[in-house]
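Only one structure is covered here, and it is reproduced in the block below.
The values are calculated or read from the model by the stated rules, or taken from the named source; none is laboratory data. Not measured: the values here are computed from a predicted model. Positions of Cβ are backbone-derived with ideal geometry, glycine not excepted, and every protein chain shown enters the neighbour counts. To get the accessible areas, we keep the full protein, side chains included, count just its heavy atoms, and leave off ligands, DNA and RNA. Shrake-Rupley method; radii C 1.70, N 1.55, O 1.52, S 1.80 Å.
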Amino acid sequence: YMAYAGRGCSGGCSYCEEPYYRKLYGGAYGRRRSPALVVAELKEVKERFRTREITFKDPVLTSDKAWLRDFLALYRRGIGLPFKCFGRPDAFDPETAALLKSAGCYCVEFGLQTFNEKIRGGLLRRPESLAAVEKAFAACDAAGLAYDADYIFGLPGETVADHKEAALRFAGFRRLNRIKCHNLVYYKGLPMTEAALKEGR
């Protein structure tokens, strides 16, 4: 079952739809449901459909640690199903990894996209550093929590050498579950697309 505990992301990544939605709908776009309300929905789903697994589709489930603590305590007692979620490295630490693991999370997905720091911070406008990414992965490794890493091919300026370096770095992460490979897609209205049009890409 795919569930939303909240919508919205504070990041401003140039290739992502989240900043576009925030601009389109204003501040009210970003919101989070109460832990009790989310658990009530999942209880009904579990009973009616005999659901065996939950995937939280929130762009970043881990952004509010106080909310996460309350929610996972209720989830563990009232639902107890294995689940997967999305995290962001700058909203993740060892406590977050331990909380997720103890509540039944079997995998966290992170948006890495590239190990090229210049492309990440410049072209992609990723809000967190590679050091934060490696700390988040290490926190998962220590907690015994598997994680996925999103990786984009076709980024302007990226080279074969970048991909070779990425392969070597990926090989060092113990609990890396999979590398989710994507091809860069240009969506109308996003900063990445506007820049590409100006540059004639």
**Item:** Carbon and sulfur %, accessible surface of the chain computed with the full protein complex present, 1.4 Å
**Value:** 54
**Prompt:** If one takes the longest principal axis of the Cα atoms in the chain, at what angle in degrees, from 0 to 90 and to the nearest 10, does the Cα axis of helix 160-170 lie?
**Reply:** 30
**Prompt:** What are the residues whose amide H is under 5 Å from the amide H of HIS182, where those residues sit 5 or more places off or on another chain and H is modelled from the backbone?
**Reply:** TYR151, ILE152, PHE153
**Prompt:** In degrees between 0 and 90, to the nearest 10, how far off the longest principal axis of the chain does helix 94-103 point, with axes built from Cα atoms?
**Reply:** 50
**Message:** Keeping every protein chain present and rolling a 1.4 Å probe, give me the accessible area per residue for region 1-121 in Å².
**Reply:** 49
**Fill in**
Summed over the other residues with a beta carbon less than 14 angstrom from that of PRO191, with K and R at +1 and D and E at -1, the charge totals +3
**Asked** Hey, can you rank 169-181, 82-94 by average C-beta count inside 10 Å, highest first?
**Response** 82-94, 169-181
**Residue-normalised accessible area of region 139-201, expressed per residue, 1.4 Å probe, Å²** = 60
**Item:** Listed residue pairs exceeding 32 Å between alpha carbons, taken from LYS135/LYS198; LYS46/LYS180; LYS43/LYS135; LYS46/LYS135; LYS135/LYS188
**Value:** LYS135/LYS198; LYS43/LYS135; LYS46/LYS135; LYS135/LYS188
**Asked** Cysteines of the chain lacking any other cysteine beta carbon under 4.7 Å?
**Response** CYS9, CYS85, CYS105, CYS107, CYS140, CYS181
**Net charge, TYR25 excluded, C-beta distance under 13 Å - Lys, Arg +1, Asp, Glu -1** = +2
**Prompt:** Percent relative contact order of the chain, based on C-alpha pairs within less than 8 angstrom and at least six residues apart?
**Reply:** 21
